[in-house]
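Colleague: Okay, handing you the structure first.
The values are calculated or read from the model by the stated rules, or taken from the named source; none is laboratory data. Keep in mind it's a predicted model, so treat the numbers as computed, not measured. A quick note on method: Cβ atoms are made from the backbone with ideal geometry, for glycine too, and the neighbour counts reach across all protein chains shown.
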Ligand code: AMP
């Protein structure tokens, strides 16, 4: 496919807000794409170059893109900057200058892709100059519409308002003319979350074969299994029959991928690679009885002064990339291992929980770095309650109750894993905190004016949409207000992001891109005609910034409906 033709599709996608129409356009793109470049087409449509877990970062800031446009079209940098301020978008700015220099271009998607990869991969001395040169040359080789997109991709601004899920819908549409096969494709995506690879496989093998042959791979993170909620141990017994009760640790969910002599990598629940956070893992082999393994763990910091487990905030200090040796001195690390997904070339995800735990026991030797999570098998609800009390009294978050015969299935479906964080006596309160997407914010008055924020608007996921559930203006410390202001300024959006569904009375002073997730506590969930989620939070307060989550991992409207059922 010619890149200029792909750009015409992108232009149409940008102008469309109907999800169905977007799905149809995408399925048309896939039909017309050649099998040898359909994966590249897919990544570019999502504004990236690689699957999510293998992100190639461009390191091209807006200032640099202004230089690129200036060099490409021989216009003074100040002038480009002014035009950018006027148009509010670098893509439109590049297109504006390219139009004056109107031309056609025959470059293929693959050629443009390769040149973008070259720019992104360039590092080290002189790389800034080479990146600018590479991009400005690329721009002058392309038509004006293509310039719009080529300017947006490196600065991370090609946002067409859909994500991986819509790509899967479009593949179903391509084969059947509807979305009836999407859920099957989602299962494949849970195992290998690479839409590029999946589009390619569907084009080559069709959907059924793709789903049949997909296998998890060491080095490619799987989407994690998550815990649902139920009202009480009694209800758990009724739904889950025989269970295993495990302590719930409050750290960072991590998947460890290990290949002896080759690599050890870690990924967060949203598929970001975090291997640099845990240099201690070079020694992991000493505790393993295998050559290859994928482990599901909770990583928790250890306060080196008190030798006790650190809280979430302290654990997260390891994310800092500067002064890492200082951080490591203060905060050690321990991995609480609770599941095993692949061992020595064999996938274990279709084995039962008990079989996996048995395999785990044979795989992990005693030591400091890896600790096997304890478990108790029971059919008795009283045992769940007493274990819950014990864990809470020991300062843990609660328990995770797991059905003994469950396979490893990504997401929160079925009653396979259930979490319990509040003792039953307190079940009148909201049974859990809620992870919301920050959608926008409004200026404050008085003291708040100094912080730049009076309140922020928070929302839940509903399919691809993000719907409001609350405004939060109290319950933040001064430091949290300042921190929030700093973070939100960076993700401000000129227009309301396409995914947002907001009642006109709640429109904030500033929109932000759906990139920040916050954990909120509240007293109660009530019905609400004002919030598009249909519900509101009473007395919401900020618990913490969830840097380990992104918008697509926020709480969903369906989960809220379940939580309401748990409220007395
Ligand atoms: P939540 O984030 O509240 O949905 O709770 C589920 C999370 O609890 C998982 O994603 C893990 O990060 C964490 N967790 C802590 N201990 C365990 C455990 N024993 N089994 C599974 N998940 C655990």
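Colleague: In segment 387-408, what residues are surrounded by fewer than 18 Cβ atoms within 10 Å (Cβ to Cβ) and modelled with pLDDT of 95 or more?
Modeller: Selection gives 405, 407.
Colleague: Select, from 260, 241, the only residue that is farther than 30 Å from residue 326 by Cβ, touching a helix residue (DSSP H, G or I) at 6+ places or on another chain (Cβ under 7 Å), away from the ligand (no atom under 13 Å from the Cβ) and assigned by TED's automatic domain parsing to the domain that holds residue 356.
Modeller: Sole residue among the options that is farther than 30 Å from residue 326 by Cβ, touching a helix residue (DSSP H, G or I) at 6+ places or on another chain (Cβ under 7 Å), away from the ligand (no atom under 13 Å from the Cβ) and assigned by TED's automatic domain parsing to the domain that holds residue 356: 260.
Colleague: Further question: Quick test of your reading of the structure: residue 290 fulfils all but one of (1) in contact (Cβ under 8 Å) with a residue 60 or more places away in the chain; (2) away from the ligand (no atom under 16 Å from the Cβ); (3) in a helix (DSSP H, G or I). Name the failing condition by number.
Modeller: (3)
Colleague: Another question, then. Is it true that some residue in segment 221-231 is under 26 Å from the mean Cα position of the chain (by Cα), outside any loop (DSSP other than H, G, I, E, B) and more than 13 Å from the ligand (Cβ to nearest atom)?
Modeller: Scanning segment 221-231 turns up no residue that is under 26 Å from the mean Cα position of the chain (by Cα), outside any loop (DSSP other than H, G, I, E, B) and more than 13 Å from the ligand (Cβ to nearest atom).
Per-residue answers, yes or no, for (1) modelled with pLDDT under 95; (2) surrounded by 21 or more Cβ atoms within 10 Å (Cβ to Cβ); (3) farther than 22 Å from residue 18 by Cβ; (4) in contact with a helix residue (DSSP H, G or I) (Cβ under 6 Å, 6 or more places away or on another chain):
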residue: 135; (1), (2), (3), (4): no, yes, yes, yes
residue: 138; (1), (2), (3), (4): no, yes, yes, yes
residue: 157; (1), (2), (3), (4): yes, no, yes, no
residue: 161; (1), (2), (3), (4): yes, no, no, no
residue: 167; (1), (2), (3), (4): no, yes, no, yes
residue: 178; (1), (2), (3), (4): no, no, no, no
residue: 197; (1), (2), (3), (4): no, no, yes, no
residue: 206; (1), (2), (3), (4): no, no, yes, no
residue: 234; (1), (2), (3), (4): yes, no, yes, yes
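Colleague: With respect to residue 371, is the statement that it is more than 26 Å from the chain's Cα centre (by Cα), surrounded by 13 or more Cβ atoms within 10 Å (Cβ to Cβ) and within 12 Å of the ligand (Cβ to nearest atom) true?
Modeller: Taking the combined requirement at face value, the residue satisfies it.
Colleague: May I pose another question? Quick one: would you say residue 377 is assigned by TED's automatic domain parsing to the domain that holds residue 264, part of a strand (DSSP E or B) and away from the ligand (no atom under 13 Å from the Cβ)?
Modeller: Answer is yes for this residue.
Colleague: State all residues of segment 528-559 that are more than 20 Å from the chain's Cα centre (by Cα), modelled with pLDDT under 90 and in a loop (DSSP other than H, G, I, E, B); if no residue qualifies, say none.
Modeller: 539
Quick grid of which residues meet (1) outside the structural domain of residue 357 (by TED's automatic domain parsing); (2) within 16 Å of the ligand (Cβ to nearest atom); (3) outside any helix (DSSP H, G or I):
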residue: 298; (1), (2), (3): no, yes, yes
residue: 301; (1), (2), (3): no, yes, yes
residue: 315; (1), (2), (3): no, yes, no
residue: 327; (1), (2), (3): no, no, no
residue: 340; (1), (2), (3): no, yes, yes
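Colleague: A further question on this structure: Which of the residues that make up segment 20-50 are under 24 Å from the mean Cα position of the chain (by Cα), under 23 Å from residue 497 (Cβ atoms) and buried (at least 18 other Cβ atoms within 10 Å of the Cβ)?
Modeller: Across segment 20-50, the qualifying residues are 22, 23, 26, 42, 43, 44, 45, 46, 48, 49.
Colleague: I'd like to check something: does segment 432-441 contain any residue that is surrounded by 21 or more Cβ atoms within 10 Å (Cβ to Cβ) and either closer than 24 Å to residue 337 by Cβ or within 12 Å of the ligand (Cβ to nearest atom) (or both)?
Modeller: Residues of segment 432-441 surrounded by 21 or more Cβ atoms within 10 Å (Cβ to Cβ): 434-441.
Those still in the list that are either closer than 24 Å to residue 337 by Cβ or within 12 Å of the ligand (Cβ to nearest atom) (or both) too: 434-435.
Yes, because at least one residue in segment 432-441 is surrounded by 21 or more Cβ atoms within 10 Å (Cβ to Cβ) and either closer than 24 Å to residue 337 by Cβ or within 12 Å of the ligand (Cβ to nearest atom) (or both).
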